[in-house]
Structure formats: C-alpha cells, structure tokens
Amino acid sequence: MNINQKLFSKKQQVALIEQWLTCDEYGMSTQQFCTQLVEHGDSQSKEIGEAGLLALNGGSVTSALKGWLPELVVNSIEIAEKAGHRKTGLEGALRQLEGGQNVIKRLAGIMVIPFIVTLLISLLGVFVSGEILKAVSGLSQQSVVGVGQDFHDWVVVWGPWIVLTIFGVLLGVSVSFTRWYGPSRHITRHWPLYQSYRLATVAAFLSSLGNLSQCGMKLDDALAAISQASSSLYLNAHIKTMRIRIEEEGEKNLGKILDTGLLLTFERANLEVLGDTGDYAKLLLKSANNHEKTVQKQLDIMSAFLPKIMLIVAVLLLVVLIGTSMIQLFEMINNLR
C-alpha cells in the first residue's frame, strides 16, 4: 500500500463509488469511467483510473481498487460484477462505506472531550486553591495546616494516579473489545460500553453479510470473506461458530446459524422465524439497520448524560478545592484581627 492509498479517506472512497454508480446509471462503460478519472480527477483518482485502464487489458477493474478500498467492499463489487449485477455491488459497497463506523472511535469521541474538560477544570481548581493557600501561608508566616491544605495536597498527590488509572482502565477496555472472546465474555453482554460495541459490531457485520449475499455470494463464503478481512478476535470467534453450524451441522436456518450471542434476542428470533425463506440479503440488511438504530440510541443517551455527569464531578471538585481553601483564608484573617 503506497502513501496515496493510505491518505485516501473514507469520504473520498464514498465519492469514488458514487461517481462510478452515476456513470453506471448513465450507461457508461468501465473503461469510460476510468478515462474520466484520469482526465478530470485529482492525483489519487488519476492513479486509480490509470490502474483501472491497465487492469482492463487483462481482467477486471476491481483488481485496481485493492488498497484503495476495504477488502470486503472490493469483494462485493467483484462478485456482483461477475454475476452481471455491478450496480447491486456498487450500491452494497456504498452502504458498507457509509455505515459501520468504528465503534471504538465513536465511544472514544463521546468520552475523551468530557474527560479532558473535567481534567482541565480540576487543574484550575488545584491552581486557584494553591494560590489561596499561598496567601494564607504569607499571612501566617508559617506552614498552613487545615482541611483546605490537606485536601489540596491529597489531590496533588493522588490526582495524577487516579487519572492514569482511569486512562489505563479505558485503554484496557478498548483493547478487550476486539481481543476478549469465549464464554467469559458473555458476562459483559449488558455492560454499557461492551453492549454498545457488540451491537455496533453486529450492525456492521450483518450489513457486510447482507451486501455480500445480495451480490450472489453464498452465506458460508461470505462469512469466510468477512472473517478474513476482520482483525477482531471477538467477531472471528463468533463467525467460526456460525461456519461450524453450516459446514459440520448442516444448518440451513439463518437465525439458528447466527445464534451465537451477538444479536439482539428479538432480532435473532425474527431471523429464525423467517430464516428458511432463502432471501438472506433482505433479512440481514433489515436486521443490520435495526441493530444500528439501537446502538445509535445508546450512544445518543451516553452523549447526552456522560458529559453532564463528568462536568458535575469537575465542578464539585473545583468547589471543594476552592471552598476549603477560602475557609482557611477567612479563618486566618479572623485570627489576625
């Protein structure tokens, strides 16, 4: 992968597929699409167009997209193109790119800013209370003793350790999202952060599975492709169980195949009831959408309340730091009178 491929953003990937889809709807050939990229695109688009024109001489243009687009997206286009349904593949690729945002980044985005604000307000409280205590020390001409000084010193000594502990816990949780799997992971099924990660992972997984199925890929082959492209040990462990049910147990019902503890109970039941129809793509995409709605509601609630809670904690700490220091200052002034 070259530097231009690494810098090719999600927004640019979506724009590329949208442009290709538009050209396809106008009836333009793949060669004409690649020529347009070369003649009218930016440096990255020109590179893709040139690679596409070269690829057309010996095969499919999708081989030129490897490195520029996620592997699953390229696979869905390639499979659909071979089946004569390129438009379906492009539409599926577009859904994959526009959905399934990295949930870890989404959770981090919710928590990082409130955490930083809380930290800054706490530092302000330590600084202000420290200046007040310095004034008290100057008036008394001796070391300050009292609840204000004690609390200030406690925050100065233990505050950094508390921050590092919280950061370490959050880092450990984020790592465990993708690496912790097996029966013990089931206890986290309804824990707020883990539940949000699970549901977002399911939404992206079902969307990819639905898109690949819609492009004509068999369910087991689609599961294998998703597993190969995924770096999540957690998701791959569930996919392994699903494939065993297909290959070794001969299970045909979609709901029973996917019953590994990932899906919402109601959604899994729906897939089990309707899972013998054979129209997997429609069911999978509908379920993916429902899971995405559920996780979005959870993230919206967290976005609404978490910053407020952390702000309250920070303000309370600020009030206690400055308040206890001011009490000591007033007491010293009264003593001097």
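Just so you know, all these numbers are worked out from the coordinates, no wet-lab data involved. Here the structure is a predicted model, which is why all the values come from computation and not from measurement. Counting neighbours? That spans all protein chains shown, and the Cβs are built from the backbone with ideal geometry, glycine included.
Here are a few things to note about the model shown:
- Difference of contour (0.36 nm per residue) and Cα-Cα distance, Asn4 to Lys46: 14.0 nm
- Applying a length cut-off of 27 Å (Cα extent along the axis) and a mean Kyte-Doolittle floor of 0.0 to the DSSP H helices of the chain leaves 103-140, 147-179, 192-214, 280-336.
- Candidate aspartates and glutamates - alpha carbon under 16 Å from Lys10, same-chain residues fewer than 8 apart omitted: Glu18, Asp42, Glu71, Glu91, Glu98
- At R0 = 25 Å, FRET efficiency that the Cβ-Cβ distance of Lys293 and Val112 yields, to 0.05: 0.55
- Length gained on full extension, Thr22 to Leu233: 72.2 nm, using 0.36 nm per residue less the C-alpha separation.
- Size of charge dipole - the range 3-98 - debye, nearest 20, with Cβ of Lys, Arg +1 and Asp, Glu -1, no other charges: 200
- Once the mean of 1/r is taken over each pair of separate Cα atoms and inverted, the chain shows a Kirkwood hydrodynamic radius of 23.9 Å.
- Straight-distance crosslink candidates among lysines, where the alpha carbon sits under 18 Å from Lys87 and sequence neighbours closer than 8 are dropped: Lys282
- Net dipole in debye of the range 102-336 [+1 Lys, Arg Cβ; -1 Asp, Glu Cβ; about Cα centre; nearest 20]: 340
- For the range 193-227 versus the range 151-173, the gap between their alpha-carbon centres in whole angstrom: 39
- Mean ellipticity per residue at 222 nm, deg cm²/dmol - from DSSP H runs of n ≥ 4 across the chain, formula -39500 (n - 2.57): -26500 deg cm²/dmol
- The slack between Asp150 and Leu264, meaning 0.36 nm per residue of separation minus the straight C-alpha distance, is 36.0 nm.
- Three-way shape call for the range 3-98 based on the alpha-carbon gyration tensor, with the a/c threshold at 1.5: rounded
- Counting Lys and Arg as +1 and Asp and Glu as -1 over every other residue whose Cβ lies under 9 Å from the Cβ of Ser287, the net charge comes to +1.
- Most positive-pole-ward Cα, Tyr194, Ile162, Asn335, against dipole of the chain from beta carbon charges: Asn335
- Estimated FRET transfer efficiency (Phe127, Phe167; beta-carbon r; R0 25 Å; 0.05): 0.75
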